[in-house]
Amino acid sequence: MRGVAEAQMEGGAQVPAETLDLSAFGARITTGLVLRAGEQVDVRLPPDGDPAPLLLRAVVWEVNDRSAALVFVNVPAPDFERLTRFVSALLDP
């Protein structure tokens with residue numbers, strides 16, 4: 001599921017990113033940020049009917065020369081439900 005997102009390191013600027021794969025538990029993204037396994041990053045997904053974007057904290061799980069795998073962490077229940085609905089809507093054409 002390709003999509004538009006933004007990524008941000010703590011204290012840094014928001015940088016455009018593209019989701020190559022997205023689930024309720026994590027994502028694979030491409031971004032201009034230099035990411036390293038173990039680092040934390042904030043991911044902002046576009047609004048899904050709610051006026052505010054969905055902001056998720058993630059840990060960089062793995063990095064290769066083209067993308068980074070992220071695992072979402074400490075997601076509050078309402079945000080997890082919203083993310084699950086967002087992913088389901090992407091899967092259901």
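Computed quantities for the displayed model
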quantity	calculated
Every residue from segment 33-54 that is surrounded by 13 or more Cβ atoms within 10 Å (Cβ to Cβ), among the aliphatic types (A, V, I, L, M) and within 24 Å of L90 (Cα to Cα)	V41, V43, L45, L54
Among the candidates A52, A24, A7, A13, residue that is in contact with a helix residue (DSSP H, G or I) (Cβ under 9 Å, 6 or more places away or on another chain) and either among the aliphatic types (A, V, I, L, M) or not in a strand (DSSP E or B) (or both)	A24
Subset of segment 71-84 that is at pLDDT below 95 and open to solvent by less than 40 Å² (accessible area, probe 1.4 Å) - its residue that is farthest from V4 (Cα to Cα)	R82
Answer from V60, V87 - the residue that is buried (at least 17 other Cβ atoms within 10 Å of the Cβ), of a type in the set (V, I, T) and outside any strand (DSSP E or B)	V87
Cross-chain or 6+ apart pairs with Cβ under 6 Å, segment 8-23 first and in contact (Cβ under 8 Å) with a residue 12 or more places away in the chain and over 15 Å from A58 (Cα atoms), then surrounded by 14 or more Cβ atoms within 10 Å (Cβ to Cβ) and basic (K, R)	L20/R28
Residue, farthest from A17 (Cα to Cα), within segment 38-60, restricted to residues that are free of Cβ contacts under 8 Å to residues at least 40 places away in the same chain and charged (D, E, K, R)	D50
Single residue of segment 9-32 satisfying the filter (among the aliphatic types (A, V, I, L, M) and within 11 Å of the chain's Cα centre (by Cα)) that is surrounded by the most Cβ atoms within 10 Å (Cβ to Cβ)	A27
Flag if A68 is under 15 Å from L83 (Cα atoms) and open to solvent by less than 50 Å² (accessible area, probe 1.4 Å)	no
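The values are calculated or read from the model by the stated rules, or taken from the named source; none is laboratory data. Remember, it's a predicted structure, so these values are computed and weren't measured experimentally. When we count neighbours, we look across all protein chains shown, and the Cβ atoms used for this are built from the backbone with ideal geometry, even at glycine. Accessible surface is based on the protein model in full, side chains and every heavy atom, while ligands, DNA and RNA are left aside. Shrake-Rupley method; radii C 1.70, N 1.55, O 1.52, S 1.80 Å.
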